[in-house]
Amino acid sequence: MLKIKKSQLNQMLDQLRREAPYEGCGILSGIDDEVMSVYPMTNGAHREDFFLMVPEEQFKVIKDIRKKGQKMLAVYHSHPVSRAYPSDKDIEMAHYEDIYYIIVSLKDGVDVRAYKIKGGQVIEEGILVEEE
């Protein structure tokens, strides 16, 4: 189960709301399953139905995560006009089997869901939002 502080979740949600109607995206890092850092990323695709992190930003973030002694825990992105479930493209682009994929639907309010995607199979996982 992914553990995230309420302030970290709010930071992520604020970013995704600002970037609507396009999909917003980012990376969460930490230790074990506990989020320590939120990295908002640029969606280089600038689309409402697809995201593509800017590679230069992604390399800098991965370097920073390693420097902190953490690991990438999750990739998050929004679905401004659809439900919080991985699209066919999301499943195709899920190259890391050991991380969470968090999808935030902004379609009817806010719906936050976490998944593991292994070999094309989508498994919903839990998220524990912790108070500060």
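The values are calculated or read from the model by the stated rules, or taken from the named source; none is laboratory data. Just so it is clear, the structure is predicted and the values come from calculations on it, not from any experiment. Note that each Cβ is placed from the backbone with ideal geometry, even for glycine, and that neighbours are counted across all protein chains shown. When the accessible area is computed, the model is the full protein with side chains, heavy atoms only, and any ligands, DNA or RNA have been set aside. Shrake-Rupley method; radii C 1.70, N 1.55, O 1.52, S 1.80 Å.
Let's see how each residue does on (1) open to solvent by 20 Å² or more (accessible area, probe 1.4 Å); (2) outside any loop (DSSP other than H, G, I, E, B); (3) of a type in the set (A, V, I, L, M):
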{"site": "GLN11", "(1), (2), (3)": "yes, yes, no"}
{"site": "LEU16", "(1), (2), (3)": "no, yes, yes"}
{"site": "PRO21", "(1), (2), (3)": "yes, no, no"}
{"site": "ILE27", "(1), (2), (3)": "no, yes, yes"}
{"site": "MET36", "(1), (2), (3)": "yes, yes, yes"}
{"site": "PRO40", "(1), (2), (3)": "yes, yes, no"}
{"site": "ARG47", "(1), (2), (3)": "yes, no, no"}
{"site": "PHE51", "(1), (2), (3)": "yes, no, no"}
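Looking at region 45-76 only, could you name the residues that are closer than 13 Å to GLU19 by Cβ and in contact (Cβ under 8 Å) with a residue 60 or more places away in the chain? Matches in region 45-76: TYR76 only.
Please verify whether GLY109 is more than 13 Å from the chain's Cα centre (by Cα) and either within 21 Å of GLU131 (Cα to Cα) or of a type outside the set (D, E, K, R) (or both), treating the condition exactly as stated. Answer is yes for this residue. Here region 53-74 is the region considered, the condition is being more than 25 Å from LEU128 (Cβ to Cβ) and not in a helix (DSSP H, G or I), and the residue that is most open to solvent (accessible area, probe 1.4 Å) is VAL54.
For region 88-132, taking the residues that are free of Cβ contacts under 8 Å to residues at least 24 places away in the same chain and in a loop (DSSP other than H, G, I, E, B), the one that is nearest to VAL35 (Cα to Cα) is identified as ASP98.
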